[in-house]
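Notes to accompany the following structure.
The values are calculated or read from the model by the stated rules, or taken from the named source; none is laboratory data. None of these values were measured; they are calculated from a predicted model. When we count neighbours, we look across all protein chains shown, and the Cβ atoms used for this are built from the backbone with ideal geometry, even at glycine. The accessibility values were calculated without ligands, DNA or RNA, using every heavy atom of the protein model including side chains. Shrake-Rupley method; radii C 1.70, N 1.55, O 1.52, S 1.80 Å.
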Amino acid sequence: MQLLKSDFYENMGLAGIKAKVDAGERLSFEDGKKLFACPEPLAVGALANQARSRLHGNKAFYVINQHVNYTNVCVNGCTFCAYQREEGQEGGFVLDRNAVLAKLQTGGLTPREVHIVGGCHPRLDLAYFEDILRAVKEQYPGVVLKCFTAVEIAHFAKLENQTTREVLTRLKNAGLDMLPGGGAEIFAPEIRQQICPRKSTAEQWLAVHEEAHSLGIKTNCTMLFGHIESEEDRLDHLIRLRESQDRSGGYTCFIPLPFLTENSQLAIEKPLTGLDELKTIAVARLMLDNVPHVKAYWVMLGTKQAQAALKFGADDFDGTVVEEKIGHEAGATSEQGMTRRELTDMIRGCGCTPVERDGFFNEI
Ligand code: V47
Ligand code: SF4
């Protein structure tokens with residue numbers, strides 16, 4: 001459907017980009033700069049919606065899933081993070097295997113996807129994680145286990161004195177199916193130095209994902225934006241992800257994460273507006289032409305903004321989640337979880353067709 005006349009894109013300085021989107025051609029860094037510079041976010045959104053519709057029509061995906069955090073104790077101390085605690089600090093926790101299983105029972109559903117992440121704890125060994133994966137797979141055969149960011153994998157490897165490939169192989173043998181996309185933040189080294197100086201570098205993060213892909217483990221990818229990074233840093237991040245996908249092909253979904261500012265040590269000058277968020281999601285959809293899905297993560301975006309994101313390039317609404325800590329410690333005002341009915345009503349409410357998926361994004 002031709003929503004906007006072509007002279008509209010001409011007037012917005014986007015005629016060349018519109019022609020590339022029509023032809024399914026790759027956008028350059030300079031194209032990305034023009035998209036960010038466009039004064040009309042709706043024009044960028046309409047282009048992203050075109051790219052999204054070509055891939056997924058009017059469908060918006062959701063999943064019956066549950067998040068579990070095994071610990072918030074972390075040695076990294078990222079300056080943006082409201083979730084982390086030092087070992088022994090009040091509010092710090094570690095869940096043992098039975099506590100993880102008990103958490104999953106509180107959801108009252110049979111999850112198709114279980115998302116398990118935590119901080120980089122100084123002493124939990126790999127046998128603890130293998131035991132958790134095996135126990136969850138035994139309790140929910142057929143579930144997709146999407147666990148441990150690349151940063152955690154690199155941390156486990158250091159503690160175990162093993163390579164990341166050995167760690168990934170052991171975890172895969174214990175039931176790991178996918179890696180979530182967290183820990184990517186922003187790849188630019190001068191920004192990483194200020195927001196997460198002790199975390200894996202961009203090169204390490206990308207190498208772990210590409211290694212996972214070579215072992216048949218699919219992964220997601222993220223970008224934390226709206227803090228101290230520039231629009232050029234966002235484009236650099238997206239292009240590095242796109243190049244990585246060209247090399248290894250295993251990224252399933254991109255999750256744009258707008259920075260939530262509460263309880264953070266990171267001071268920012270200008271908070272994001274809702275339109276900045278939507279424009280960034282749209283630019284990501286347009287730049288990441290080789291990543292099939294873009295997630296409107298309702299927990300961090302808020303449900304109404306996540307609905308709007310479905311018209312700005314996103315096609316996935318994540319899922320039931322049940323309990324979420326990382327965003328809520330940082331001021332997320334969304335509910336802890338949503339029911340299937342709430343998810344499908346939200347999706348229908350913005351004119352999309354809800355489609356249930358499994359953890360690998362297969363339609364059910
Ligand atoms: O890596 C931390 C981000 C990520 C804040 O793969 C923050 O399907 C905003 O990656 N404001 C973890 N963001 C969440 C994540 C994720 C979530 C849902 C689905 C998937 C998936 C992945 O959250 C961290 C970091 O980038 N984060 N603190 C904050 N204050
Ligand atoms: Fe630790 Fe992750 Fe928080 Fe960084 S973002 S301090 S790695 S829990």
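Could you calculate the contour length gain from D289 to A19, that is, 0.36 nm times the residue separation minus the distance between their Cα atoms, to one decimal place in nm? Walk me through the intermediate numbers first.
Details: separation 270, 0.36 × 270 = 97.20 nm, distance 1.49 nm.
Using 0.36 nm per residue and subtracting the Cα-Cα distance, I get 95.7 nm.
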Relative to the first principal axis of the alpha-carbon coordinates of the chain, what is the inclination of helix 126-139, with its axis defined by its Cα atoms, in degrees from 0 to 90 and to the nearest 10?
-> 80 degrees
DSSP loop GluC sites (Glu not before Pro) in region 287-364 with at most 15 other Cβ atoms within 10 Å of their Cβ, which ones?
-> E323, E335
Could you tally the net charge around A102, taking each other residue with its Cβ under 14 Å from the Cβ of A102, Lys/Arg +1 and Asp/Glu -1?
-> 0
Mean-square fluctuation maximum in Gaussian network of the chain, Cα pairs under 10 Å, restricted to K172, K20, K279, hits K20
Counting only protein heavy atoms with a 1.4 Å probe and every protein chain in place, the carbon and sulfur fraction of the accessible surface of the chain in whole percent equals 49 percent
At 1.4 Å probe size, with every protein chain present, just tell me what the per residue accessible area of the chain comes to in Å².
-> 41 Å²
Compute the length gained on full extension between E323 and N161: take 0.36 nm times their separation in residues and subtract their Cα-Cα distance, giving the result in nm to one decimal.
-> 55.0 nm
For region 206-232 and region 238-310, what is the separation of their C-alpha centers, rounded to whole Å?
-> 11 Å
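Evaluate E = 1/(1 + (r/R0)^6) for E87 and Q139, where r is the Cβ-Cβ distance and R0 equals 35 Å; express this FRET efficiency to the nearest 0.05.
On the way: r = 29 Å, r/R0 = 0.83.
So the FRET efficiency works out to roughly 0.75.
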Once you list every other residue whose beta carbon is under 15 Å from the beta carbon of S53, what net charge do they have if Lys and Arg are +1 and Asp and Glu are -1?
-> +2
What's the angle, to the nearest 10 degrees (0 to 90), between helix 340-349's Cα axis and the longest principal axis of the chain?
-> 10 degrees
With all protein chains present and a 1.4 Å probe, the order of T110, T169, T222 from largest accessible area down is T110, T169, T222
How much net charge surrounds I64 when only the other residues with a Cβ under 10 Å from the Cβ of I64 are counted, with Lys and Arg +1 and Asp and Glu -1?
-> 0
How many angstrom lie between the C-alpha centres of region 96-123 and region 135-193?
-> 15 Å
Could you work out how far helix 202-214 tilts from the main Cα principal axis of the chain, as a 0 to 90 degree angle to the nearest 10?
-> 80 degrees
Between N362 and K172, what FRET efficiency follows from the Cβ-Cβ distance if R0 is 22 Å, with the result rounded to 0.05?
-> 0.70
With the charge dipole of region 147-221 built from beta-carbon charges (+1 for Lys and Arg, -1 for Asp and Glu) about the Cα centre, the Cα from F156, H213, I186 projecting farthest to the positive end belongs to F156
Most to least accessible of R242, R348 (protein chains only, probe 1.4 Å) | R348, R242
Cα-based Rg and Dmax for region 204-313, in Å, come out at 14.3, 42
Heavy-atom accessible area of S28, protein chains in place, probe 1.4 angstrom, given in Å² to nearest 10, is 50 Å²
Under a 1.4 Å probe, counting only protein heavy atoms, K311 has an accessible area in Å², nearest 10, of 80 Å²
For the chain, which span is the longest to avoid every loop-located (per DSSP) member of chymotrypsin sites (Phe, Trp or Tyr not before Pro) having at most 14 other Cβ atoms inside 10 Å?
-> 94-359
